[in-house]
Amino acid sequence: MNIYVIVFLIQILAEGYAISDVHIGYQLTLAVPSAYTEGLSGRAYLMETEQLSPNFRTALSVEAINEKYWCSLDIFLGDVRVWTSGHLSKFYTTEKCVLELTYYGDLRLKDQNERIGWRSGTSGQGVERLQLLRTGNLVLVDSLNLIKWQSFNFPTNIMMWGQSLSSATRPSIKKNITFVQLSSEGLGLFTGKHQKIDQITSEGPEPLRFLALGNNTGNLGLYHYSAEQGEFEESYEALNTSCDLPLACKPYGICTSSNMCSCIRVVESDGFQPDCRARNIEGLCGRSRAEMLELRGAITVLKGNPNEANVTKEICANLCLDDCSCVAAQYTNLGECFLYKFIRGIKQVERRNGLIFMVKIPKGEDEGHGRHSGLQKWVIIVVGVVDGFIIFLVLGGVGYYIIRKKLKNSPITGQET
């Protein structure tokens, strides 16, 4: 219990004495509880910008997740976490979480055993101090104020106002667009000569503060701060249709034409699985152990570069079968083959426009049920039941209203005059 008190005392004290920058030799330690408590979090705010609310703050954080404690360096805009050192790889620790800016200029996170879980990699580059700029950019600078490392070069799911994403911060793709930059009016697309090609414009008059990729839906949005509501609100959404969102449903789920989520149910010896996660699909590989089954009336909205081109559907299926990490594949009538390591973004369609979606199942799992059973049958049964139930409720309500209206308007009989 004493450890919990230390965690939150550090948070309160750090909030009150946050500074504008820290110098080499700085070290901050956050205690980690010995027992796991779901939802527990502690933060030590070490720097903040001098702006009107909401302003930027830098924090050392410890959070409970997956039965362990996650140690991270974070940047917050108000209550929104806009950058974290653990975006790509989380650093789990016990006993304590330590932030250190070494005398050699390396910013790092470590645990009680001096094990390093994250670092800036700037040792020996003349770094003198860590600063938090008014844009929310966390930077390491030398004695001449030259930036040696900055958080803007390591984007997460949020893009800040004034931040640019160039070929140095994304995979190399041969396109005319060299970089994108977020301004108060929208997201600008630029060439290498800083010529604006196009712009995604905000739909509201308020200045934009950041762009974010939603963790729960996968939707891309532009956000402004509403002083009236005291929170950030969306000014623009890339996708307005629920079933077009890549994370509209849980893994192994499908978004139906009624904008509702149902489950892919895989046949087992004891019947259908009760949840949305087909445990007997993952990890299968080899054509003697697995086979690909086409899902009729279903595609995935997840897109990218094809894994193979100018191949047949059979070759595409075999590519997934031979890959132990592959669980699904989508094939186009142009001969393009897309392989997936997870099943998300599936939606019901009436016309597939040349798209064929296939999932990997154990060999012979659908025997005895016919080719329209098992995975194929769920599209008809589950979607039909959901849509039929909605139609039944609508028609029932209309019928009830008509009967009530007739009874109300009919003459009253059986009374003496």
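Nothing in this text is a laboratory measurement; each read-out follows from the coordinates by a stated rule. Source: prediction; values computed, not measured. Reconstructed Cβ throughout: ideal geometry from the backbone, glycine too, with neighbour counts over all protein chains shown.
A few remarks follow.
- Working note: Karplus 6.51/-1.76/1.60 with θ = phi - 60° gives the stretch 327-336 the couplings 10, 7, 8, 10, 10, 10, 6, 8, x, 8 Hz, where Gly and Pro are set to x.
- Distance between modelled label sites at Asp142 and Asn157, nm, 7 Å Cα→Cβ extension: 3.7 nm
- Translational diffusion coefficient (Stokes-Einstein; Kirkwood radius from C-alpha pairs) of the stretch 157-240 at 25 °C, 0.890 mPa s, in µm²/s: 182 µm²/s
- Applying 1/(1 + (r/R0)^6) with R0 = 56 Å to the Cβ-Cβ distance of Asn259 and Tyr104 gives a FRET efficiency near 0.50.
- Segment Asn215..Gln125, full-extension length gain: 28.9 nm, with 0.36 nm per residue of separation and the alpha-carbon distance subtracted.
- Ranked for footprinting exposure by Cβ neighbours inside 10 Å, fewest first, His224, His194 give His194, His224.
- Alpha-carbon centroids, the stretch 279-336 and the stretch 127-167: separation in whole Å: 41 Å
- Asn310 paired with Ser53, simple spin-label distance in nm, labels 7 Å along Cα-to-beta-carbon: 6.3 nm
- Charged-residue dipole, Cβ positions (Lys, Arg, Asp, Glu), the stretch 157-240 about Cα centre, Debye nearest 20: 760 debye
- When Ser288, Ser262 are arranged by Cβ crowding within 10 Å, least crowded first, meaning fewest neighbours, the order is Ser288, Ser262.
- Computed lengthening from Lys193 to Lys68, 0.36 nm per intervening residue step minus Cα-Cα distance: 40.2 nm
- For the pair Leu334 and Ala227, label points projected 7 Å from Cα toward Cβ lie 4.9 nm apart.
- Under a 5 Å amide H cut-off, with hydrogens placed 1.01 Å from N, Lys96 pairs with Val32, Gln112 among residues at least 5 apart or on other chains.
- Distant-in-sequence amide H partners of Val141 (H built 1.01 Å from N, under 5 Å): Glu128, Arg129, Gln131, Lys148
- Stretched out straight at 0.36 nm per residue, the stretch from Leu355 to Ile200 would grow longer than its current Cα-Cα span by 52.9 nm.
- Long-range HN-HN contacts of Ile197 with modeled amide H, under 5 Å: Leu189, Phe190, Thr191
- Per-residue Cβ neighbour counts within 10 Å put Trp161, Trp149 in the sequence Trp161, Trp149, beginning with the fewest.
- A simple rule links phi to the HN-Hα coupling: the Karplus curve 6.51 cos²θ - 1.76 cosθ + 1.60 with θ = phi - 60°, which for the stretch 115-120 gives 6, 8, x, 7, 8, 7 Hz, with x for Gly and Pro.
- The GluC sites (Glu not before Pro) of the stretch 89-158 that DSSP puts in a loop, and whose beta carbon has at most 15 other beta carbons within 10 Å, are Glu95, Glu114.
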